[in-house]
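The values are calculated or read from the model by the stated rules, or taken from the named source; none is laboratory data. All figures in this text were calculated on a predicted structure; none of them were measured in a lab. Note that we place each Cβ from the backbone using ideal geometry, even for glycine, and neighbour counts take in every protein chain shown.
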Amino acid sequence: MWRNKKKTIQKGLTALLAIILVFSIVGCTKKTDAGTGAAAPTSNAKPGDVLVTYKDGGKVTKDEFDKFLAVNMFFYQQYAQFKDDPGFQQDMMKQLVTFKILSSRADDKAKTEADKQSKDQMEQIKTFLNSQEGGMDAQLKKANLTIKDVEDFVNRSVLAIVSEESKVTDKDVQDAYNAKLAQDKDSYTVATVSHILIGLTDPATGKETRSKDDALKRAKEVQDKLSKGGDFVALAKEYSEDPGSKDKGGKYENADISQWVPEFKKAAAELPIGKISDPVETTYGYHIMKVESRTTKTFDQVKDQLKSEAAEKKVYDFVDKELPTLIQTNNLPKPAETPAAPATPASPSPSPAPAADTTKK
């Protein structure tokens with residue numbers, strides 16, 4: 001509850017699917033948030049009709065696009081509410097064409113690696129689907145899909161990503177690592193931290209439970225008990241109001257400190273190992289903390305993650321810069337244009353910037 005708010009992807013599938021599907025989620029969220037009124041009519045195209053053409057003889061038929069939408073909605077059921085929205089359809093088409101083009105550019109080495117990764121991904125997906133009600137076969141039948149439909153989707157998507165990863169050099173990755181450290185020296189700091197939160201509000205209802213003065217007084221009582229040799233685990237279970245760690249004796253083990261709100265992160269990065277802290281104030285109340293260990297991830301430990309991030313950026317760059325130059329015809333419905341907002345008169349004095357959102361999603 002005291003972590004920074006982050007955009008998250010539905011968990012339970014695979015990290016790779018999360019990467020390839022976030023590409024469309026971001027775009028579709030922008031379209032649907034803008035609002036296009038009632039759902040727009042779908043294209044009048046018939047099965048077999050060509051919806052989009054692109055350079056070098058590329059094309060997407062209605063059948064292919066419908067199948068692609070069906071697989072996406074199979075993994076992300078919330079997409080169904082947007083399936084007739086022109087903005088959603090355009091974003092889905094961008095994703096499909098992007099991965100068709102990028103996968104077609106893969107070399108033999110990328111194809112070999114992608115084949116291996118695809119098999120691994122499919123094993124995870126099958127395990128996940130078989131854990132659902134009725135098992136994999138029932139889930140696929142309900143969606144009017146076959147396992148080959150899913151395999152084709154994964155194979156093409158993985159190949160596109162691996163192809164882009166193969167273009168990321170060791171220097172690119174090392175530069176990214178150094179840049180993150182230059183921006184924030186604790187970017188890769190990992191710590192095991194125990195804490196006891198004396199909160200200001202009820203986590204379930206959000207209603208205020210005590211004043212800041214009362215919370216600080218209680219936090220100092222806890223600090224005093226710990227300083228006199230009190231058992232941290234027992235006191236956390238008795239006093240802490242952080243539901244994420246209370247029953248674990250207040251402990252977060254080997255956690256990336258960058259996920260935490262600034263005040264908590266700073267204390268996790270700077271407190272002497274093993275020392276009981278003074279009360280650390282955050283928007284949630286007061287924390288009594290003890291850092292048990294702290295290390296920095298090495299380049300070798302994060303290079304795969306950085307390589308994936310670099311490949312993802314290459315995909316975004318392709319969509320923004322190259323894809324528009326390759327599309328030749330597009331017969332999908334076009335989104336309604338959102339009227340421009342009226343100009344806002346200049347304020348005589350600048351307003352303070354809003355506080356950073358530090359709630360956990």
Out of SER258, SER187, I need the residue that is closer than 30 Å to GLU309 by Cβ and part of a loop (DSSP other than H, G, I, E, B). Which one? SER187
Do you know which residues across the stretch 141-177 are among the aliphatic types (A, V, I, L, M), part of a helix (DSSP H, G or I) and closer than 14 Å to GLU64 by Cα? VAL150
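Specify which of the listed residues (THR329, THR338, THR344) is out of contact with any strand residue (DSSP E or B) (no Cβ under 6 Å at 6 or more places or on another chain), within 30 Å of ASN44 (Cβ to Cβ) and either at pLDDT 85 or above or not acidic (Asp, Glu) (or both). Break it down into steps so the answer makes sense when it comes.
On the way: THR329 fails: out of contact with any strand residue (DSSP E or B) (no Cβ under 6 Å at 6 or more places or on another chain); THR344 fails: within 30 Å of ASN44 (Cβ to Cβ).
Only one candidate qualifies: THR338.
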Tell me which of these ALA138 doesn't satisfy, since it passes every other one: (1) more than 28 Å from the chain's Cα centre (by Cα); (2) exposed (fewer than 12 other Cβ atoms within 10 Å of the Cβ); (3) not assigned by TED's automatic domain parsing to the domain that holds LYS248. (2)
